[in-house]
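J.: Okay, here's the structure, questions in a sec.
Taken together, the values in this text are just the output of simple stated rules run on the coordinates, not laboratory data. Not measured: the values here are computed from a predicted model. Positions of Cβ are generated from backbone atoms using ideal geometry, with glycine treated the same way; all protein chains shown enter the neighbour counts.
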């Protein structure tokens, strides 16, 4: 189904779903109880946001599609999430930094979706922005704490920056479906997001005594369905039940 | 028997929030409207948090409680906008929370965008001290933060402003 609104909804939902799933892998494995609960709470918010988005996509798609069929019966090449969110959890510093890069983008993107010409998207954004605000606060605080922490925590987050920085540009490399949504006011002022993201990262990194890297070679492809090797493994686990027992319900 | 809106609201008072059973869904502000039509009763609800797992149980609770009271045809519609806020929590709901050992939200919901801004001066539900501090903004459910009291040294849940 070629439709820029549908593609955009799938992209938004996949970002939240894949990151939510990644965080859920840490449930009961967090470094301390409070942070285990924080990551689990964020995962729950993200999967909840995914459900809202996929419900709208399913209605648009018709033919008996449901939020579950969209999440559980597509293969990796149909997923449109950015590569950043499918990267493995790594250590706590990497998990935190991945979250911060995403939250800083998401916060400023959803501020725009609040004004979307599409009423369903605007309503979802109104609900989600409150939650995303908590997420950004949490991840930004941890970037500062790890950067301006011990020698060990500083070296860990610097290693995470080296790993993840090449995945940041993809957020601002807008696809045809995002640009088409922009033109129709579904995703307004798309080109203003990068400057706000840059400012956010610059300020938090300064407080964390971290250096914003120079831009080098950057990965992209996720939004078009070209993924890193990690997504297939993630989907194999996430989709197992519905693949083995189609239509199974709790 | 003629069913009125007030009658339906009275019945809905009996439906509890599964995660904080001391609150009814009316106290919580989850019920946005009740529409009476010939085809039946439509209950319009809004989720507290998007991923709140209690919402499915709340829907089941609404249907079964209304049916127990002879209201057979019930349709539940979920709306996202306007987004739920703790400002909709009833005064009696806040009292019930305090009695249950959960500090109710203090003040009006506002943007907490500012970095490190915490809600301070939260009143400990055990000893009423305001000498408390936040442990984590994420608690045992999406709607709660974890705090501790520096006077009685007990941890407690705070139903955070949202």
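J.: Under a crude label model (7 Å from the Cα following the beta-carbon direction), how far is residue B:133 from residue A:237 in nanometres?
T.: According to this spin-label approximation, the distance is 3.5 nm.
J.: Fully extended, how many nm does the chain gain between residue A:172 and residue A:214 (0.36 nm per residue separation, minus their Cα-Cα distance)?
T.: Numbers: separation 42, 0.36 × 42 = 15.12 nm, distance 1.61 nm.
So the extension gain works out to 13.5 nm.
J.: Just the number, please: percent antiparallel of the DSSP beta bridges in region B:5-84, rounded to the nearest 5. The partial results should precede the final answer.
T.: Working: 7 of 12 bridges.
Roughly 60 percent of the DSSP beta bridges within region B:5-84 come out antiparallel.
J.: Angle between the Cα long axis of helix B:54-68 and the longest principal axis of chain B, 0 to 90 degrees, nearest 10?
T.: Orientation of helix B:54-68: about 40 degrees from the principal axis.
J.: Going by Cα centres, region A:190-250 and region A:47-68 are how many Å apart?
T.: 21
J.: Let me know the whole percent of all Cα-Cα pairs from region B:1-148 that are separated by more than 27 Å.
T.: Details: 3133 of 10878 pairs.
In whole percent, the share of Cα-Cα pairs in region B:1-148 beyond 27 Å is 29.
J.: Sticking with this structure for a sec: Identify which of A:32, A:201, A:143 has the largest mean-square fluctuation in a Gaussian network model of chain A, with springs joining Cα atoms closer than 10 Å.
T.: Checking each option, the largest mean-square fluctuation is seen for A:32.
J.: Also: Mind giving me the FRET efficiency for residue A:206 and residue B:75? R0 is 41 Å, r the Cβ-Cβ distance, nearest 0.05 is fine.
T.: Values: r = 53 Å, r/R0 = 1.30.
That gives a FRET efficiency of 0.15.
J.: Could you grab the relative contact order for chain A? Cα pairs under 8 Å, six or more apart, rounded to a whole percent. Don't skip to the answer; put the middle values down first.
T.: On the way: 326 pairs, mean separation 64.6, N = 250.
Relative contact order, chain A: 26 percent.
J.: Tell me, what is the FRET efficiency for residue A:179 and residue B:14 to the nearest 0.05, using R0 = 51 angstrom and their Cβ-Cβ distance as r? Display every interim value, and only then the final one.
T.: Numbers: r = 52 Å, r/R0 = 1.01.
Here the calculated transfer efficiency is 0.50.
J.: Mind telling me which of B:36, B:66, B:28 comes out most flexible in a GNM of chain B, alpha-carbon contacts under 10 Å?
T.: Of B:36, B:66, B:28, the Gaussian network model singles out B:36 as fluctuating most.
J.: I want to verify a result. In a Gaussian network model of chain B, Cα cutoff 10 Å, which of these has the top mean-square fluctuation: B:40, B:29, B:93?
T.: So, out of B:40, B:29, B:93, the one fluctuating most is B:40.
J.: Rounded to two decimals, what is the ratio between the C-alpha radius of gyration of region B:5-84 and 2.2 N^0.38 Å?
T.: On the way: Rg = 11.7 Å, N = 80, 2.2 N^0.38 = 11.6 Å.
Here the Cα radius of gyration is 1.01 times the empirical estimate.
J.: State log₁₀ I(q)/I(0) for chain A at q = 0.12, 0.17 Å⁻¹ as given by the Debye formula over alpha-carbon point scatterers of equal weight, solvent excluded.
T.: Rounded to two decimals, the profile gives -0.67, -1.40.
J.: A further question on this structure: Take every DSSP beta bridge with both residues inside chain B and express the antiparallel ones as a percent of the total, to the nearest 5.
T.: Numbers: 16 of 23 bridges.
Roughly 70 percent of the DSSP beta bridges within chain B come out antiparallel.
J.: Related question: Once both labels are modelled 7 Å past Cα along the beta-carbon direction, what's the residue A:159-residue B:67 spacing in nm?
T.: Taking the two extended label points, one gets 5.6 nm.
J.: Please give the helix A:33-61 orientation as an angle from the longest Cα principal axis of chain A, in degrees from 0 to 90, rounded to the nearest 10.
T.: For helix A:33-61, the angle is close to 30 degrees.
J.: Another question, then. Using Cα atoms only, what is the angle between the long axis of helix A:193-207 and the major principal axis of chain A, expressed in degrees (0 to 90) to the nearest 10?
T.: 30
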